[in-house]
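The values are calculated or read from the model by the stated rules, or taken from the named source; none is laboratory data. Every value quoted in this text rests on a predicted model; they were computed, and no experiment measured them. In this analysis, Cβ positions are derived from the backbone assuming ideal geometry, glycine residues included, and neighbour counts consider all displayed protein chains.
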Amino acid sequence: MPSSARLTIVGLGPGAPDHLTAAAALALSEGRVLLRTKQHPVASSFPGCEDWASCDDLYEAASSFEELYDRIVGRILAEARSGPIVYAVPGHPLVGEATVRRLLDEAPRHGIEYAIIPGLSFVDAVLPLLGVDALAVNLQIVDALDLVHCAEAAPFASGRLPLSPLRPVLVGQLYDRVLASHAKLALERVYAPTHEVSIIRHAGTEEARVTHLPLHELDHQPYDATTAVYVPAVDPLRGRVTEALQQVVARLRAPGGCPWDREQTHRTLQRHLLEETYEVLEAIDREDDEALLEELGDVLLQVIMHAQLAEEREAFLYEDVVAAIIEKLVRRHPHVFGSASLDSSDAVLARWEAIKAAERGGRTGHEHVVPITLPALTRAQELLERMRRLAPTRFAALRERVLQTRASGAGVQLVDQLVAAVITAMDYGDDAETVLRTWTQDLERSLVEPSLNLGSTP
């Protein structure tokens, strides 16, 4: 490796020239300097700074941040190959510097040795203004661009938010109102619009100031490269994340919690899970989003309660439940998470059944293909659907027999009539349980509205 291929990455600190470390000052005074940007007080006050080059010209030419970072990194690597170079960046090189992260990956591949000289970060300058001990409060540090990516991913952004609202957050790189607007949209997934946040400007300089305002006004303020935003933690009792619900349920079950909740077992909760599930189905049938929101919460509560009970008897954790379903989804969707290629729903279902059959092959003991506790009509249709996919010849023979028997009308057994009705629903692409449930709702209304035409009578 040529000894001339050396890169020294220097942190300029958050702003004030007197925050520059002695090691950084020595490197700047002795080396050939290339700045990421001249928009920093040190770049206009350090002896000899007039000879320093910068990457400011690349900002105007690039059409995206990805392109900008690629160009900056390319320039730094080219300069380092021609001789030792000092690359100077605002703050600390390893706090919110995308170009440095890329350089640490790329430099070794190009035979370039590198060294990092730390500097005070924007975090160091912000904490005294907020009076916050980062370790004591478990402070999270988030890049505003990650919030932007989350907002841009909507409506498929669930789970992508890079923070927990149950711990305080410091957002950096929030340098214009467009970024602030995207960040606000992402944060409002888990914070109330009225949640108070703090905007910190020019931290580490004499012009430092902090402004407090509700989250919904976040993009109403001016922004520049010195701006950061502090978001205090949310009380779990007002949380909007699963972890908050876990804490609430654990508190209900803990000593000193709710007597009723503490008495519950998996068996005593069975009927509640069933009832809540049916209430979800009813909300779906009514196309009532407000009710659906509430009833889904009730079902989620049941899941968390059962997981809490399991943890108390040392069977498994809620996190095990999550891990198990993720593993199952990945395993059963090789066409999404692997290299398999499936181009139709039928192909997906066939592969799904094959994977499930392989899974069952490794288990011992009796296991129902379809839960035996399902309503009989639903269970019959589910099993018939499986037969149609996995054993089409047997299904065709069964279909012909029951439909012919029903048509003959002679000695028809009730079960044949029911099976024939289910198969007819399948032929029309209907769900037999839903069709009958809808009819019973009409029947119920007819009891108070005799003029209602049911179309058929019981």
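Return yes when Val95 is of a type in the set (A, V, I, L, M), within 26 Å of Ala208 (Cβ to Cβ), under 28 Å from the mean Cα position of the chain (by Cα) and surrounded by 18 or more Cβ atoms within 10 Å (Cβ to Cβ) and no when it is not. So that I can check it myself, show each step before the final result.
Values: of a type in the set (A, V, I, L, M): yes; within 26 Å of Ala208 (Cβ to Cβ): yes; under 28 Å from the mean Cα position of the chain (by Cα): yes; surrounded by 18 or more Cβ atoms within 10 Å (Cβ to Cβ): yes.
Yes.
Residue-by-condition table, conditions (1) outside the structural domain of Cys150 (by TED's automatic domain parsing); (2) within 17 Å of the chain's Cα centre (by Cα); (3) assigned to a loop (DSSP other than H, G, I, E, B); (4) basic (Lys, Arg):
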position	(1), (2), (3), (4)
Val171	no, no, no, no
Val190	no, yes, yes, no
Pro193	no, no, yes, no
Ile200	no, no, no, no
Leu218	no, no, no, no
Ala225	no, no, yes, no
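Just one of (1) within 18 Å of Glu113 (Cβ to Cβ); (2) surrounded by fewer than 17 Cβ atoms within 10 Å (Cβ to Cβ); (3) touching a residue at least 60 places away in the same chain (Cβ under 8 Å) trips up Gln39, so point out which.
Every condition holds for Gln39 apart from (1).
Out of (1) without any contact (Cβ under 8 Å) to a residue 60 or more places away in the chain; (2) surrounded by 13 or more Cβ atoms within 10 Å (Cβ to Cβ); (3) within 30 Å of Arg167 (Cβ to Cβ), the odd one out for Gln246 is which?
Among (1) without any contact (Cβ under 8 Å) to a residue 60 or more places away in the chain; (2) surrounded by 13 or more Cβ atoms within 10 Å (Cβ to Cβ); (3) within 30 Å of Arg167 (Cβ to Cβ), the lone unmet condition for Gln246 is (1).
Does Asp57 count as within 24 Å of Ala144 (Cα to Cα) and over 35 Å from the mean Cα position of the chain (by Cα)?
Working: within 24 Å of Ala144 (Cα to Cα): yes; over 35 Å from the mean Cα position of the chain (by Cα): yes.
Spelling it out, Asp57 is indeed within 24 Å of Ala144 (Cα to Cα) and over 35 Å from the mean Cα position of the chain (by Cα).
Could you give me the residue pairs with C-beta distances under 6 Å whose first residue belongs to region 149-169 and is farther than 24 Å from Glu66 by Cα, whose second residue is buried (at least 19 other Cβ atoms within 10 Å of the Cβ) and among the aromatic types (Phe, Trp, Tyr) wherever it lies, and which are 6+ apart or on separate chains?
Listed pairs, sorted by first residue: Pro165/Tyr191.
List the helices (runs of 4 or more DSSP H) inside region 253-328, counting only whole elements, that have at least 2 residues being at pLDDT 95 or above and surrounded by fewer than 15 Cβ atoms within 10 Å (Cβ to Cβ). Give the derivation first.
On the way: elements: 259-263, 270-285, 289-312.
Where helices (runs of 4 or more DSSP H) fall fully within region 253-328 and carry at least 2 residues being at pLDDT 95 or above and surrounded by fewer than 15 Cβ atoms within 10 Å (Cβ to Cβ), they are 259-263, 289-312.
Got a number for residues in region 389-409 being surrounded by 15 or more Cβ atoms within 10 Å (Cβ to Cβ) and among the charged types (D, E, K, R)?
Looking only at that region, the number is 2.
Those residues that are exposed (fewer than 14 other Cβ atoms within 10 Å of the Cβ) and either part of a helix (DSSP H, G or I) or of a type in the set (Ser, Thr, Tyr) (or both), I need them from region 368-388; list them, please.
Hits for region 368-388 are Thr373, Ala376.
Out of all the residues in region 227-252, which are under 25 Å from Thr37 (Cβ atoms) and either touching a Phe, Trp or Tyr at 6+ places or on another chain (Cβ under 8 Å) or in a helix (DSSP H, G or I) (or both)?
Residues satisfying the conditions are Thr227, Ala228.
Output the residue which, of all residues in region 120-136 that are assigned to a loop (DSSP other than H, G, I, E, B) and surrounded by 13 or more Cβ atoms within 10 Å (Cβ to Cβ), is nearest to the chain's Cα centre (by Cα). Steps first, please.
If we filter region 120-136 for residues that are assigned to a loop (DSSP other than H, G, I, E, B), which is where we start, we get 120-121, 131-136.
Narrowing further to those that are surrounded by 13 or more Cβ atoms within 10 Å (Cβ to Cβ): 120-121, 132, 134.
Values: Leu120: 32, Ser121: 28, Val132: 28, Ala134: 25 Å.
Filtering first and then ranking leaves Ala134.
For region 41-93, give me the residue count where each residue is part of a helix (DSSP H, G or I) and not β-branched (Val, Ile, Thr). Even if it seems obvious, please write down each step before you answer.
Initially, region 41-93 is screened for residues part of a helix (DSSP H, G or I), giving 42-45, 49-51, 56-61, 65-82.
Now restrict to residues that are not β-branched (Val, Ile, Thr): 43-45, 49-51, 56-61, 65-71, 74-75, 77-82.
Here the count works out to 27.
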